[in-house]
Amino acid sequence: MVNLGLFSEIKPVVSVNVRFRIPYYTQWGQSLVVGGSEPVLGSGNVKKGLLLTPFHEGNELIWGGSLTVPTGFQSEYSYYVVDDQKNVLRWEGGSKRKLVVPEGVENGKVVEFHDLWQNGSDGLPFKSAFKNVIFRKSSSLAIEKRLGAIQNKLDRDDSVIVQFKICCPNIAEGTSIYVIGSSLELGKWKVHDGLKLNYSGESVWEGDCLIPKAAFPLKYKYCKYGKNGNFSLEYGSNREVTVDISASGPNYVVLSDGMMREMPWRGAGVAIPMFSVRSEDDVGVGEFVDLKLVVDWAVDSGFHLLQLLPINDTSVHKMWWDSYPYSSLSVFALHPLYLRLQRLSENIPDDINQEIQRAKKDLDGKNVDYDGTMTTKLSIAKKIFDFEKDSILNSDSFKNFLSKNEEWLKPYAAFCFLRDFFETSDHSQWGTFSQFSKAKLEKLVSENSFHYDIICFHYYIQYHLHLQLSEAAEYAKEKGVVLKGDLPIGVDKNSVDTWVYPNLFRMNTSTGAPPDYFDKNGQNWGFPTYNWEEMSKDNYAWWRARLSQMANYFTAYRIDHILGFFRIWELPAHAMTGLVGKFRPSIPLSQEELEKEGIWDFDRLSKPYIRQEFLQEKFGPLWTVIASYFMNEFKKNHYEFKDDCNTEKKILAKLKSLVEKKLLLENEDKLRRDLFDLVQNIVLIRDPEDAKSFYPRFNLEDTSSFNDLDENSKNIFRRLYYDYYFHRQETLWRQNAMKTLPALLNSSDMLACGEDLGLIPSCVHPVMQELGLIGLRIQRMPSEADLEFGIPSQYDYMTVCAPSCHDCSTLRAWWEEDEDRRRSFFKTMIGSDSLPPEKCVPEIVRFVLRQHVESPSMWAIFPLQDLLALKEEYTTRPATEETINDPTNPKHYWRFRVHVTMESLLKDTDLTATIKGLVCSSARSYPGQEEAQPGVAVVPPKQQIAGEQEKIRLPNQDPKITSIAVL
């Protein structure tokens, strides 16, 4: 019994017994706790929450517990799985529950809450993507009643009041929710005689019903009843409720039945980088205002989502290197590249207007001219600013923007000024300004400073970018299109954020990815890794602010490289490639542990292993020259790198110097690769912060250092390698993700999707499922090791499926670049041994796209290039030119532009009709699906989601091939 003094200094006279009951299976040593916002439930401290007790009821394991509260008591609460020490192991997804003791419950009465464990997906209907966009109309329903007075019904010893509660976020106008069931009070399964529920807000429908005890166990279902007389019953078996009908049983039962079980909502979308959009009014690059055109095209094509790449300012180097959208100068500032100059003022002078028109013509190229576009836009914008700055800077709208955003806007403007003044973004070279302080900042942005106009110009640009993007974002909402942003995993080492918050970053390291589908040498992104320990001290405030800023414009977002929130691939600052790294956090191999295994020669294993024969094999007759420049012979036929070239960065610098001096005339790239192979020829990586800790090198069996070991040592390292990469870290990585990811997810109500590609630890997908995160499935990169191609019909509901993405070739280029793979796909996915067409003809594109729209995935999102390939007219450009990124090239120029304007695409009704036909025939947002809803991973019967079977004739093929059956 709980001490009621927790609620007040004066013990309440009237109290109610509240019981909790939830079915849930736990592992040995685990228990369930109810934690809530009020003291009796721990005041947010789970260890002080209510510990539940398990008992069996038939085949189910039920957890129950009770406490005494005053009448009228209210609290938020959730269920948590804890260990013996009440440490939280996991908790429910979805939104916080609300415990409300119904009005009229008198002293001594018992209220029993029957709950179901909420998966992370249960919270999806309350994300802004659905609540404010997809289900925008149904979210404006009027609340019909709160919990009503019970009056004298609780005095009936032969009956129990049951409150039915169901969540149904998407409901057509004029439709009602009913409960029908086995008792007379629920209509004996007849809808007209059932219990009509009332809308109580937040997509919840509820109603009270006095049920005789003799009617239990009670079977029931929820259904929708439309104004036209049609009704739809929820899927699955009947629901059932059993109560204790003895004198000690409950007087009032609250059934929180979660989501209405329906065909899950499925949608489709288009993905295109902002810079790739082409319109009739843009200046050299897609602009935020152009999103309205893309939204219109998406609506015409049956899409409900528009996905972008990151749109933050990346102008670190002030050259085309800044075209890389994942290297943020500021995680808060928008990119000036996407500014619509014509919208800066209603009174632009004629000479400036003419300059804009000339710029439009000059920059209207096949690809983005990053340098030319940035220079031109900022130059013209500065002229307009000078013309109208007084009126704008003194306007209430501008002052309000500055006031709301000064926390990041002032440091950003000061950084841009210092970057240009010192001609570098490397803030370590800024003298007294290298160390950030608020006092220095206030001097830099002071109205009395000689450069205040420059500071204000950066304010001005961000202000207009905000206005233009906000306009496009609101337009997307009104049109029912989810605007999806992208959250990069890193920031540039020379950024505003590392200048202002250096304690949040490990500046002597670099972020990347181990070898994978994209690059056999791994990837080195150059970002500093995060100091998670420091970030946790203020509950990840930097991340929370970052997500809150994104939520100003987006209703969904993609978490770039979500694996980084479990563990990051950390490289030393001197690395160029991504091969010789280690996971952070991870449990290293200790020297003591290795010595117990009989491993002792740590220098031999952790330093490059270079024998004379290796040099001869790689460099041929040139080997003596290479050795003289780069190496010392420390014992007969064994070499080591000299101190001035014993890292990848040093090798690159020395090699360039030798080539420039004409001391080496050979192929520089080949020499670099061969020398890198040698410096990477190790078995163990020694921890730079702890000389007695080691990490097995990725793919260590590929090294000659490993192959020269004895068989016993090889077997030991094989076992240790497998343990390190696939077993040893799982608990640690899960714990790390459960600290960091909830802070992100709880800081906004955007719909979150995670890019879970690459080497996936086994803990990742369970955590994503628990947190309601949507994963990514690319057909050519199956997560199943035994598959060459993903099978869209077998994808989980909580996924985004796509035939390609910005990090790989388009569907058309992928098809045409490899004949063996093309034939394998043709045989595996289409079921034909015949020779496939060399070109990715529209029939092939249609087949692949149809596979994806008919999948169970919540979202099917297609790059615009893949959609344009449905029509031959748009395939005249070489397919290789449509690739957005080459992950193997760290200095790739991100400059792809669609070769047709959005205005002309809007006029192409044949293409939009074709796309819409694919989307609608697959039951993705088709007109009769208004009553569907997300969050219940129940895959509908295939005949309900598949379009009619069709035959597609392939032109110019072997006459034996007559068609492809689209299943």
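Consider residue 256 carefully, then state whether it is over 30 Å from residue 297 (Cα atoms) and loosely packed, with under 15 Cβ neighbours inside 10 Å. In short, no. Across the range 897-918, what is the number of residues that are among the charged types (D, E, K, R), part of a helix (DSSP H, G or I) and within 20 Å of residue 368 (Cβ to Cβ)? Within the range 897-918, residues that are among the charged types (D, E, K, R), part of a helix (DSSP H, G or I) and within 20 Å of residue 368 (Cβ to Cβ) number 1. Of the residues making up the range 878-896, those that are part of a loop (DSSP other than H, G, I, E, B) and either loosely packed, with under 15 Cβ neighbours inside 10 Å or among the hydroxyl-bearing types (Ser, Thr, Tyr) (or both) are 878, 883, 888, 889, 891, 893. For the condition of a type in the set (Val, Ile, Thr), in contact with a strand residue (DSSP E or B) (Cβ under 7 Å, 6 or more places away or on another chain), crowded, with 18+ Cβ neighbours inside 10 Å and over 27 Å from residue 670 (Cβ atoms), residue 559 qualifies. Looking only at the range 159-171, decide whether some residue is among the small types (Gly, Ala, Ser), under 42 Å from the mean Cα position of the chain (by Cα) and assigned by TED's automatic domain parsing to the domain that holds residue 225. Within the range 159-171, not a single residue is among the small types (Gly, Ala, Ser), under 42 Å from the mean Cα position of the chain (by Cα) and assigned by TED's automatic domain parsing to the domain that holds residue 225. Confirm whether residue 360 is in the same structural domain as residue 408 (by TED's automatic domain parsing) and free of Cβ contacts under 8 Å to residues at least 40 places away in the same chain. No. Within the range 577-613, the set of residues being among the small types (Gly, Ala, Ser) and within 23 Å of residue 648 (Cβ to Cβ) comprises 578, 581, 586, 606. Only one of the numbered conditions (1) among the charged types (D, E, K, R); (2) in a helix (DSSP H, G or I); (3) surrounded by 20 or more Cβ atoms within 10 Å (Cβ to Cβ) is violated by residue 442, and that is (3).
Evaluating residue 750 against the criteria (1) more than 30 Å from residue 95 (Cα to Cα); (2) buried (at least 17 other Cβ atoms within 10 Å of the Cβ) leaves one unmet condition, (1). Does residue 412 satisfy being aromatic (Phe, Trp, Tyr) and either free of Cβ contacts under 8 Å to residues at least 24 places away in the same chain or touching an Asp or Glu at 6+ places or on another chain (Cβ under 7 Å) (or both)? So residue 412 does not fit the description; no. Identify, from the list 345, 379, the residue that is without any contact (Cβ under 8 Å) to a residue 40 or more places away in the chain and closer than 26 Å to residue 285 by Cβ. Sole residue among the options that is without any contact (Cβ under 8 Å) to a residue 40 or more places away in the chain and closer than 26 Å to residue 285 by Cβ: 379.
How many residues, within the range 708-745, are farther than 18 Å from residue 81 by Cβ and without any contact (Cβ under 8 Å) to a residue 24 or more places away in the chain? The qualifying residues number 9. Residue 651 fulfils the conditions (1) over 25 Å from residue 508 (Cβ atoms); (2) buried (at least 19 other Cβ atoms within 10 Å of the Cβ); (3) of a type outside the set (Asp, Glu) except for a single criterion, (1).
One residue stands out among those in the range 209-243 that are in a strand (DSSP E or B) and closer than 19 Å to residue 22 by Cβ: the one that is farthest from the chain's Cα centre (by Cα), which is 218. Put simply, of 465, 487, 409 the only residue that is surrounded by 15 or more Cβ atoms within 10 Å (Cβ to Cβ), within 16 Å of residue 315 (Cβ to Cβ) and touching a strand residue (DSSP E or B) at 6+ places or on another chain (Cβ under 6 Å) is 465. Of the helices (runs of 4 or more DSSP H) lying entirely inside the range 709-807, those containing at least 3 residues that are at negative phi and out of contact with any strand residue (DSSP E or B) (no Cβ under 9 Å at 6 or more places or on another chain) are 711-726, 730-745. Scanning the range 864-877 for residues that are assigned to a helix (DSSP H, G or I), in contact with a Pro (Cβ under 7 Å, 6 or more places away or on another chain) and without any contact (Cβ under 8 Å) to a residue 60 or more places away in the chain yields a total of 1. Filtering the range 106-137 down to residues that are more than 30 Å from residue 299 (Cβ to Cβ) and among the charged types (D, E, K, R), which residue is surrounded by the fewest Cβ atoms within 10 Å (Cβ to Cβ)? Taking the candidates together, the pick is 106.
Specify the residue that is modelled with the lowest pLDDT; the eligible residues are those in the range 141-196 that are of a type in the set (Val, Ile, Thr) and over 30 Å from residue 71 (Cβ atoms). If we take residues in the range 141-196 being of a type in the set (Val, Ile, Thr) and over 30 Å from residue 71 (Cβ atoms), then 171 is modelled with the lowest pLDDT.
Is it the case that some residue within the range 151-163 is without any contact (Cβ under 8 Å) to a residue 40 or more places away in the chain and either touching a helix residue (DSSP H, G or I) at 6+ places or on another chain (Cβ under 9 Å) or in a strand (DSSP E or B) (or both)? No, the range 151-163 contains no residue that is without any contact (Cβ under 8 Å) to a residue 40 or more places away in the chain and either touching a helix residue (DSSP H, G or I) at 6+ places or on another chain (Cβ under 9 Å) or in a strand (DSSP E or B) (or both). Could you check, for the range 819-829, whether at least one of its residues is closer than 27 Å to residue 304 by Cβ and buried (at least 22 other Cβ atoms within 10 Å of the Cβ)? No, because not a single residue in the range 819-829 is closer than 27 Å to residue 304 by Cβ and buried (at least 22 other Cβ atoms within 10 Å of the Cβ). Each residue in the range 799-819 was checked for being under 24 Å from residue 486 (Cα atoms) and touching a helix residue (DSSP H, G or I) at 6+ places or on another chain (Cβ under 6 Å), and 5 of them qualify. Residue-level check: of (1) among the β-branched types (Val, Ile, Thr); (2) assigned to a helix (DSSP H, G or I); (3) modelled with pLDDT of 95 or more, residue 828 misses just (3). In summary, helices (runs of 4 or more DSSP H) completely within the range 470-564 and bearing 1 or more residues that are out of contact with any helix residue (DSSP H, G or I) (no Cβ under 9 Å at 6 or more places or on another chain) occur at 532-535, 541-550.
This table checks each residue for (1) free of Cβ contacts under 8 Å to residues at least 12 places away in the same chain; (2) over 25 Å from residue 103 (Cα atoms).
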residue	(1), (2)
192	yes, yes
197	no, no
201	no, no
207	no, no
212	no, no
225	no, yes
240	no, yes
266	no, yes
273	no, yes
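So, residue 705, is that one at pLDDT below 95, of a type in the set (S, T, N, Q) and in a helix (DSSP H, G or I) or not? Judged against the criteria, residue 705 is not a match.
Taken together, the residues in the range 42-61 that are within 18 Å of residue 110 (Cβ to Cβ) and surrounded by 17 or more Cβ atoms within 10 Å (Cβ to Cβ) amount to 2.
The values are calculated or read from the model by the stated rules, or taken from the named source; none is laboratory data. In this text, all values refer to a predicted model and were calculated from it rather than measured experimentally. Cβ sites come from the backbone with ideal geometry, for glycine too, and all protein chains shown count toward neighbours.
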